[in-house]
């Protein structure tokens with residue numbers, strides 16, 4: 001009986017640790033912006049800001065071609081840089097709190113948040 005309890009406890013701990021696994025930080029580099037020439041860089045900026053805002057990111061334009069996005073989820077914070085032009089955009093890690101970033105790896109949920117943002121931007125760009 002004692003052995004069964006130890007096996008259950010050990011298995012539970014392994015599952016918990018597997019769920020907290022860190023993965024390499026996902027950066028989106030030079031994703032293409034396929035819009036017509038009638039669209040301006042300001043149109044691209046609006047798409048990126050509205051895409052992020054729709055997913056709960058706080059988006060702030062810092063200067064032409066640069067937006068900083070911040071996502072607050074419970075006690076976790078993710079901060080990203082988004083550099084954009086009429087040709088392409090990049091989403092890169094800037095900072096985080098409580099996401100176990102070690103210089104290379106980060107909590108696995110971070111990459112999902114960035115992927116969702118990227119998909120949303122692509123979807124909205126294609127609708128322009």
Mind checking which residues of segment 59-101 are under 12 Å from the mean Cα position of the chain (by Cα) and over 27 Å from residue 21 (Cβ atoms)? 68
Being surrounded by fewer than 19 Cβ atoms within 10 Å (Cβ to Cβ) and either out of contact with any strand residue (DSSP E or B) (no Cβ under 9 Å at 6 or more places or on another chain) or part of a helix (DSSP H, G or I) (or both) is the filter here; which residues of segment 102-119 pass it? 103, 108, 109, 111, 112, 115, 116, 118, 119
Could you name every one of the strands (runs of 3 or more DSSP E) located completely within segment 24-101 that has at least 3 residues being more than 13 Å from residue 121 (Cβ to Cβ)? 58-63, 66-73, 76-84, 88-97
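Could you tell me which of the residues 76, 66 is surrounded by 15 or more Cβ atoms within 10 Å (Cβ to Cβ), at pLDDT 95 or above and on the phi < 0 side of the Ramachandran plot?
Values: 66 fails: surrounded by 15 or more Cβ atoms within 10 Å (Cβ to Cβ).
Matching residue, one of 76, 66: 76.
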Quick one: residue 82 ticks every box in (1) surrounded by fewer than 16 Cβ atoms within 10 Å (Cβ to Cβ); (2) under 20 Å from residue 33 (Cβ atoms) except a single one, so which number is it? (1)
Out of the residues in segment 21-63 that are under 24 Å from residue 103 (Cα atoms) and out of contact with any strand residue (DSSP E or B) (no Cβ under 7 Å at 6 or more places or on another chain), state the one that is modelled with the highest pLDDT. 26
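The values are calculated or read from the model by the stated rules, or taken from the named source; none is laboratory data. Owing to the predicted nature of the structure, the values given are computational and were not obtained by experimental measurement. All Cβ positions, even for glycine, are placed from backbone atoms using ideal geometry, and neighbour counts span all protein chains on display.
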